[in-house]
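Report on the following structure.
Computed from the coordinates by the stated procedures, all read-outs in this text should not be read as laboratory data. Small disclaimer: the values here were computed from a predicted structure and weren't measured. Quick reminder, even Gly has a Cβ in these numbers, built from the backbone with ideal geometry, and neighbours come from all protein chains shown.
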Amino acid sequence: MTRSPGQPILLVEDSAVAVEMVRQSLRDGGLVNRVDVVANGDEAHRYLSVAADAASHRYRPVLVLLDVNLPGPSGIEVLEWMRSQRALEDVPVVVMSASSAVDPIEDAHRLGAEAFLVKPVAYDALMDVITRLRLPWALQGRWERDGDG
């Protein structure tokens with residue numbers, strides 16, 4: 001499936017400070033996509049359920065940045081549910097945590113997360129992951145401008 005810059009990035013994070021840090025990193029990278037933010041596992045489940053049921057894939061996130069420690073279902077539980085949904089099983093997920101404990105890293109890997117980043121998420125680490133996922137257009141504001149002139 002071809003992803004377009006019109007698809008959102010979903011940030012699932014309950015810390016306002018972490019949300020702002022990730023948003024700033026994405027802005028610094030020249031983000032083209034909008035960033036939708038939900039603060040807990042239940043909100044993530046509702047958001048993703050709507051995205052999975054939408055007739056148009058333009059509502060499906062092009063990337064999910066998912067905190068491990070959330071109110072309600074954990075990030076690992078959200079990821080496990082996503083992987084069980086046919087319409088969401090191939091959405092790239094980057095799991096984030098303030099802890100580098102082995103269990104969540106292993107769980108994220110087992111469930112097919114593309115990366116695990118320790119918070120606070122460093123700008124370079126986030127950009128490296130997005131580039132490795134072949135999503136650089138999501139961060140290259142010049143992508144659209146280059147074609148204009």
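Going by neighbour counts of Cβ atoms within 10 Å, the residues S15, S100 line up, fewest first, as S100, S15. Kirkwood's formula applied to the C-alpha pairs of the chain gives a hydrodynamic radius of 15.4 angstrom.
With a Förster radius of 35 Å applied to the C-beta separation of R46 and R134, the computed FRET efficiency comes to 0.75.
Only Lys, Arg, Asp and Glu carry charge here, each on its Cβ (+1 for the first two, -1 for the last two); on that basis region 1-94 has a dipole of about 460 debye about its Cα centre. Summing Cβ point charges (Lys, Arg +1; Asp, Glu -1) relative to the Cα centre of region 88-139 gives a dipole of roughly 160 debye.
Exposure proxy check: H57, H45 ranked by fewest other beta carbons within 10 Å?
Working: H57 15, H45 18.
Ranking H57, H45 by Cβ neighbours within 10 Å, fewest first, gives H57, H45.
The region of the chain that goes longest without hitting one of the trypsin sites (Lys or Arg not before Pro) in a DSSP loop, each with at most 13 other Cβ atoms within 10 Å, is 35-85.
Helix-only arithmetic for the chain: the sum of -39500 (n - 2.57) across DSSP H runs with n ≥ 4, divided by the residue total, places the mean residue ellipticity at 222 nm at -11500 deg cm²/dmol.
Based on the mean of other Cβ atoms within 10 Å per residue, sort peptides 73-81, 115-123 so the most packed one is first. Don't jump to the answer; show the numbers that get you there.
On the way: 73-81: 20.7, 115-123: 16.7.
Ranked by mean Cβ neighbours within 10 Å, highest first: 73-81, 115-123.
Annotation: extensible slack from D53 through Y123 equals 21.9 nm (criterion: 0.36 nm per residue apart, minus Cα-Cα distance). Between T131, G72, S84, the Cα set farthest toward the positive side of the dipole of the chain (charges on each charged residue's Cβ, about the Cα centre) is that of T131.
In terms of surrounding Cβ atoms within a 10 Å radius of their Cβ, V91, V102, V12 rank from fewest to most as V102, V91, V12. What FRET efficiency, computed as 1/(1 + (r/R0)^6) with R0 = 30 Å and r the Cβ-Cβ distance, is obtained for R27 and V102, rounded to the nearest 0.05? E between R27 and V102, to the nearest 0.05, is 0.40.
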